[in-house]
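Values in this text are rule-based calculations from the coordinates and carry no lab data. Just so it is clear, the model here is predicted, and its values are computed rather than measured. Cβ: placed from backbone, ideal geometry, glycine included. Neighbour counts: every protein chain shown.
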């Protein structure tokens, strides 16, 4: 409880300074940045997350070091010091490669025989692990387009792990997960109040941490949970990333260029055209709607976390539902814009 009080004071103090001196402002005139908000709000969420990780993992200096590196790349991107998407991706690749090798964060078992045989070769396991983490890091950034969407998703994953811990004891230190849950809940509350946004720094950091957390949990509990349960917990940012790459490539657009045609953007635009409500409320409502659907999926998945077939079916159903709703949203919005 004392840590939470200290953390709250820290957030409010830093946020006051960021507002006073206009540090890391969100609104710099970029159309993508001002999609749901047109006022200056600090992109300081990643800094608060970094303090959480220092509180929890101060003994793991290698982990903190790579968190600092990915946060720095994100902040430099937020400040428009790194404008090139290709340079950002290259820096992510270098950091994630070091992260995988130095922390020995390897995916070696996914319960598919021929793939597991390939993953038994260390170099292939390293490449596969880097690929998966990069998908999650960039996927987290892709879904961070509505207020509370990524933080809310992060909170839901932590809640599901906390729930499973009562049955399977998959986490060694219960106090750590409780502090993490309460801290992220506090950040989500302040995020909804528009005190800060995550920015690239925050989204990269969440993607990196989720990868680290879930790979380690699976390594320690592979007899209790399926790798496809872990995949399900990450399905939304991962599929958003992969689908965006396919969607943009078909239109000969660079897959790493930002646009406003992600699933959450379409949800927001539909609500905006359908209801006469302020942007900031629609922003929050849209993210809550998406996260509520993910919460239902995760709760169902947590009933049988050890059952791979069950998890694969849920992943497939989630992807199909996403695609159906996405197509319907595009058609609905075309009709709305034609009428106007």
**Asked** Calculated from DSSP H runs of 4 or more alone, at -39500 (n - 2.57) each and per residue, what is the 222 nm mean residue ellipticity of the chain, nearest 500?
**Response** -24500 deg cm²/dmol
**Item:** Prolate/oblate/rounded label for segment 180-245 (Cα gyration tensor, a/c 1.5)
**Value:** oblate
**Request:** Based on other C-beta atoms within 10 Å, arrange 289, 1 from fewest to most.
**Result:** 1, 289
**Prompt:** So what is the relative contact order of the chain, in percent, for Cα pairs below 8 Å that sit 6 or more residues apart?
**Reply:** 22 percent
**Message:** Among 242, 303, 205, which one shows the highest mean-square fluctuation when the chain is modelled as a Gaussian network with alpha-carbon springs under 10 Å?
**Reply:** 303
**Message:** Using Cβ counts within 10 Å as a stand-in for footprinting exposure, how do 129, 84, 308 rank, fewest first?
**Reply:** 84, 308, 129
**Request:** Label segment 45-159 by shape, choosing from rounded, prolate and oblate, from the square roots a ≥ b ≥ c of the eigenvalues of the Cα gyration tensor; if a/c is under 1.5 it is rounded, and otherwise prolate applies when a/b is larger than b/c, oblate when it is not.
**Result:** prolate
**Request:** Let me know the shape class of segment 292-340, please: from the alpha-carbon gyration tensor, a ≥ b ≥ c as square roots of the eigenvalues, rounded when a/c is under 1.5, otherwise prolate if a/b is greater than b/c, or oblate.
**Result:** prolate
**Complete:** Fewest to most Cβ atoms within 10 Å: 334, 247, 88 sort as 334, 247, 88
